[in-house]
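Following: one structure in structure tokens, then a few remarks.
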Amino acid sequence: MIVDTHGIALRITPYSETSRIVSWLTPDHGRIATLAKGALRPKSLFLGQFDLFQTCELLYYFRDDREVFTLKECCPLTPRTRFRAHWAGAACASYLADLVGRLCPSRSPHPDVFEELEFALDLAATGNSPKAVLLSFELRLLAILGLAPQLRMCVTCRRKPPEGNGRFFFSVSRGGLLCGDCAARQSESAPGMPPDILGIMNFWLKAGDVRSAQRARCNREQLLAIQRLTGLLMEYHLDLKPDSRNLALEIIGKATELSTGR
Ligand SMILES: [Zn+2]
């Protein structure tokens, strides 16, 4: 059976000297792997037809008993060529592709993740605020996977900020807010949740998509606080602490230093 679909190229690995295995995220078939036979041969029909982080139209031969399908045809729909010049954006894209590859099982439909990843890659390719794109995408991906942190009220007594003594904390193990009184009663130490961080994270979660999430203006300290919280959340609930995240954040940090002279 030939399947005609769209896919975002998450990963390209050598299979032989001239053939490549391309891992894609598709809206209806989830994550799939295809073999582009002879992709690097001088007369190959695949030459220049796919690259990392591009959205392509692809035709492949589906077989139920295979893990890797043979790619028949491919052509780029959204080439995102600006990644070649914006290395901080490319580092962001590289991490997002790795994250989606780890969290989206193969062959299960993920139209909402596909759409969010498309928007996030478009944003990252512009080179603007790659760190905010990275962090807001992480949070929204957690929400799509049913792991959104509870940020509206205390997970124990259901008081809403700024009720109680006005101070709120974040419980990593319970995945949500704790009011000052409930935080004082539990043994686990919980990082503080200042109102501005809470406001940004709630805005990101409630925004229609990752593009509208970028309307929140965040400073460096706010992004750093959110980076810590989402990192702890992913580590605790998904057992995920990928090197690609640290690497992307480091590269983005260096790029920001260079551009701002800080
Ligand atoms: Zn409480």
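Against the conditions (1) more than 16 Å from the ligand (Cβ to nearest atom); (2) crowded, with 18+ Cβ neighbours inside 10 Å; (3) under 21 Å from ASN219 (Cβ atoms), where does PHE168 fall short? Just the number, please. All conditions are met except number (1). Scanning segment 108-165 for residues that are among the hydrophobic types (A, V, I, L, M, F, W, C), assigned to a loop (DSSP other than H, G, I, E, B) and within 16 Å of the ligand (Cβ to nearest atom) yields VAL155, CYS157.
Every residue, every condition in (1) surrounded by fewer than 20 Cβ atoms within 10 Å (Cβ to Cβ); (2) assigned by TED's automatic domain parsing to the domain that holds THR260, yes or no:
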{"residue": "ASP28", "(1), (2)": "yes, no"}
{"residue": "SER44", "(1), (2)": "yes, no"}
{"residue": "PHE53", "(1), (2)": "no, no"}
{"residue": "LEU59", "(1), (2)": "yes, no"}
{"residue": "SER106", "(1), (2)": "yes, yes"}
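Hey, could you check segment 212-223 for residues that are buried (at least 16 other Cβ atoms within 10 Å of the Cβ) and in a helix (DSSP H, G or I) and say which is nearest to the chain's Cα centre (by Cα)? Residue satisfying both the conditions and the ranking: ALA213. Among the residues making up segment 103-129, those that are within 20 Å of THR230 (Cβ to Cβ) and modelled with pLDDT of 95 or more are ASP112, VAL113, GLU116, LEU117, PHE119, ALA120, LEU121, LEU123, ALA124.
Just one of the listed residues (LEU58, LEU71) is closer than 21 Å to ILE21 by Cα and touching a Cys at 6+ places or on another chain (Cβ under 8 Å), and it is LEU58.
Contact map, segment 153-170: residues that are of a type in the set (Phe, Trp, Tyr) paired with residues that are within 7 Å of the ligand (Cβ to nearest atom), Cβ distance under 8 Å, separation 6+ or inter-chain. Pairs shown: PHE168/CYS154; PHE168/LEU178; PHE168/CYS179; PHE169/LEU178; PHE169/CYS179; PHE170/LEU178. Do we find that ALA190 is within 12 Å of the ligand (Cβ to nearest atom), more than 29 Å from GLY253 (Cβ to Cβ) and at pLDDT below 95 in this structure? Against the criterion (within 12 Å of the ligand (Cβ to nearest atom), more than 29 Å from GLY253 (Cβ to Cβ) and at pLDDT below 95), ALA190 does not qualify.
Residue-by-condition table, conditions (1) over 19 Å from the mean Cα position of the chain (by Cα); (2) closer than 29 Å to ASP209 by Cα; (3) outside the structural domain of GLN227 (by TED's automatic domain parsing):
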residue	(1), (2), (3)
LEU135	no, yes, no
PRO149	no, yes, no
ARG159	yes, yes, no
ASN165	yes, no, no
PHE170	yes, yes, no
LEU177	yes, yes, no
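Across segment 166-185, the number of residues qualifying as in a helix (DSSP H, G or I) and in contact with a strand residue (DSSP E or B) (Cβ under 6 Å, 6 or more places away or on another chain) comes to 2. Among the residues in segment 232-247, are any small (Gly, Ala, Ser), part of a helix (DSSP H, G or I), closer than 16 Å to SER136 by Cα and in the same structural domain as LEU142 (by TED's automatic domain parsing)? No, that holds for no residue.
The values are calculated or read from the model by the stated rules, or taken from the named source; none is laboratory data. Computed from a predicted model, the values in this text were never measured in an experiment. A quick note on method: Cβ atoms are made from the backbone with ideal geometry, for glycine too, and the neighbour counts reach across all protein chains shown.
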